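Novice: Handing you this structure, nothing more for now.
The values are calculated or read from the model by the stated rules, or taken from the named source; none is laboratory data. The structure displayed is predicted, hence computed values, not measured ones. Note that we place each Cβ from the backbone using ideal geometry, even for glycine, and neighbour counts take in every protein chain shown. When the accessible area is computed, the model is the full protein with side chains, heavy atoms only, and any ligands, DNA or RNA have been set aside. Shrake-Rupley method; radii C 1.70, N 1.55, O 1.52, S 1.80 Å.
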Amino acid sequence: MKLRLIEGGAGSGKSRLCLEELAARQKAEPLGPPLLLLVPEQATFGSERAYVAFAAEAGAEPVGASLRVQAVSFSGLYRMLAAEQTFAALPWLDEQGRAMLLEACLQQNRGQLEVLDAAAGNVSFVDALARALVEFEQYSVTPADLQQAAEKLPAGGRLLAGKLRDLARLYQAYLQLVEGGFRDQGLMMAELAQAAAASQLLQGAELWLDSFLDFNPSQLAVLRALFPKLRAVNLCLCLPPGAAENPGLGRIFGGQLRLRKQFLQLAAEVGAEVELTRLTANWRQRQNPELAAVEACFAYGCFAAKMQPSRDWPGLAAEPPAKIELLAAPNAAAEAAYAAQTISRLCREQGYLFRDIAVITRNLATYRTELENAFRDFAIPYFFDMGAELGRHPLVKLVSTVLSVLTENWATPAVLAYLKSGLAPLSLEEADRLENYALRCGLKNYMWRQAGNFKRTAGYFTPAELAEINVVAERALTPLLQLWETLHADQSELTVGRLAEALQDLLHNLQAAESLLAWEQAAMQRQELRLADGHRQILPKVEQLLAQLAAFLGQMPISFAQFAELWQEGTARLQLSSIPPSGNEVNVAEISRSRLPEIKAAIVLGLNEGELPAVLAEDGLLGSADREALAGLGIELAAGPRERQENEE
């Protein structure tokens, strides 16, 4: 077994070398052992497309599809080995499911937490708790480890000790809900390591690893299990010349240097031969001195330090290239408008295609609305490499409103919100008439349950108008009344599963599918394709969410208010699924999420001090001092703020 380190700066051809070698191995032996290109989850589609379209020489035919070559992430590798071996048939616990389980754990432990009880009511607490538990799983930290650490802390660490006991309690409660019934990320990685060690499919295979910043211990455990079976492992590292020796570069490329050290340790453990391939040519920058200048200035501060380009950074001009523009804008809207104007000009005057251009930012959410407006004004097709939030979709609001009606005993604002949702069986004009009637006659709470038999006129409505109002009210509120009668009779026996099933029946009775289909078709006619996508995807996602609640917590006793909290946690993470662009669209992406190797022009927004690179603040339930204290007790967790800041840069 051989470990090869492929080192080179950005644009030096590391990914190209992987494709060349994959194509050569496939051509030499089309039916041999697997050839795997392991990449981060978000890079799988682009890597597959790049390989299929790859041509080793100009004018040559692309390599096309292959039986041996596969671009996979760790989850893709899991699916590959699941086809070879038999895993327990367990439902997958996704982000929404985990959030709802954690909310249930919090509800069960309210009043029993020493330190975190007050914070548990915050909107962002479940997200912070989820990140902490995922980190514990990745670093093989158990509730018992946290409990023992709390006992070992000195008297001055009482606050941290209480926090650790709270986390151990919540972690244990979560594991009790998950174990044996569901598969989450932690269980998947443990099963993957076992499957990798037992796999015959991967015997004699060759592995290329590209675009990784680092690996957590659970991923390293999988690779450790794979090493003895593989013929060769090829690791791409973004390390420019002198990175190990230059203190400035060592700070910026510290993550890659740590990764290099980890793999050398793995090679030593299995007795693997180590080979180094260092790439010095620069494919990407050969015709683009702009890229060379940006990289050199960032890494070395070369213009300020008066470096010698020929010696310190081959091919770098003595002065900044003219095609790099730095502009100041008063706000995000002005930046977006400039981006749209520039894209339009490049396509109109210089023959660029939209897909040749990317708009890059550190935080896409900051610019999303402004970019959508600007691109719409200039008729620019675009793709956001970020799922749109669906938590505010009318269907999600409808269910939230129904839960408010149940929780608040038919409070008038909640009932009116249901009537105006667009999914209740009445028109908006009829909803306005019912609202006028309710306000004039003072309808509240139990009075709404008399729909179809309203008597009040307030001296304003004629008998004929009252009769029409009763017809509309009965039609609009009957589905809600049926739900109320089903659930309200004996709330002491109310369970999560029963309430989730009743809500699914309500959506069926309201004919939500038909309404959403009509909305989708109308949006398609208006060429609002993303809105149409949202209408098409939302019902299956809501039904899946309700099904997950029934499957995960079906027998758990619950109140209407508690179910509403579970629903809020689940829907806060609903996102519109998006497919990477294959047509002629401008790609709008976050710099930390996307790979954009084929673009000809990049427009970077928000290039401000403290934003790109961002200054990372303390976040999560365990701060820097907490992590240092735990490290002193033998519990290693993810990188602290200093290392994360280096990775950010």
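Novice: Convert each backbone phi in the stretch 205-217 into a coupling constant with the Karplus relation 6.51 cos²θ - 1.76 cosθ + 1.60 (shift: θ = phi - 60°), then list the ³J(HN,Hα) values in order as whole Hz, x for Gly and Pro.
Specialist: So the J values, rounded to whole Hz, are 6, 10, 10, 10, 10, 9, 6, 8, 8, 6, 10, 8, x.
Novice: Let me ask something else. What is the gain in length, in nm to one decimal, between ALA458 and ALA144 on full extension, counting 0.36 nm per residue of separation less the C-alpha to C-alpha distance? Write down the numbers at each step before the final one.
Specialist: On the way: separation 314, 0.36 × 314 = 113.04 nm, distance 6.67 nm.
In short, 106.4 nm is gained.
Novice: Given a 1.4 angstrom probe, what's the average accessible area per residue across the stretch 205-245, in square angstrom? If you can, show how the numbers build up before the last one.
Specialist: Numbers: 1250 Å² over 41 residues.
On a per-residue basis, the stretch 205-245 sits at 30 Å².
Novice: Something else about it: Given H placed on each backbone N at 1.01 Å, which residues far from GLU585 in sequence or on other chains put an amide H within less than 5 Å of it?
Specialist: ARG355
Novice: What's the carbon and sulfur percent of the chain's accessible surface, probe 1.4 angstrom, rounded to a whole number?
Specialist: Working: 16470 of 31970 Å².
Percent of accessible area from carbon and sulfur atoms in the chain: 52.
Novice: Note the listed values [x] 93, 67, 55; [y] 67, 60, 54; [z] 69, 65, 55, then indicate which one is Cα extents along the principal axes in Å calculated from this particular structure.
Specialist: Given [x] 93, 67, 55; [y] 67, 60, 54; [z] 69, 65, 55, the calculated one carries the label [x].
Novice: With just the Cα atoms defining each centre, how far is the stretch 503-579 from the stretch 120-156? Give it in Å.
Specialist: Using only Cα atoms to place each centre, the spacing works out to 32 Å.
Novice: Between SER592 and GLU20, take the C-beta separation as r, use R0 = 25 Å, and let me know the FRET efficiency to the nearest 0.05.
Specialist: 0.35
Novice: Something else: Residue by residue, what Karplus-based ³J(HN,Hα) values in Hz, rounded to whole numbers, does the stretch 27-37 have, using 6.51, -1.76 and 1.60 with θ = phi - 60° and x for Gly and Pro?
Specialist: Calculated HN-Hα couplings, in order: 5, 5, 8, x, 10, x, x, x, 10, 10, 9 Hz.
Novice: Once label points are set 7 Å from the Cα along Cα→Cβ at both ALA198 and GLN350, what is their separation, rounded to one decimal in nm?
Specialist: 5.7
Novice: Given the pairs LYS261/LYS323; LYS14/LYS600; LYS14/LYS541, which are separated by over 30 angstrom at their Cα positions? List each step's numbers first, then the result.
Specialist: Numbers: LYS261/LYS323 38 Å; LYS14/LYS600 19 Å; LYS14/LYS541 39 Å.
Those over the limit are LYS261/LYS323; LYS14/LYS541.
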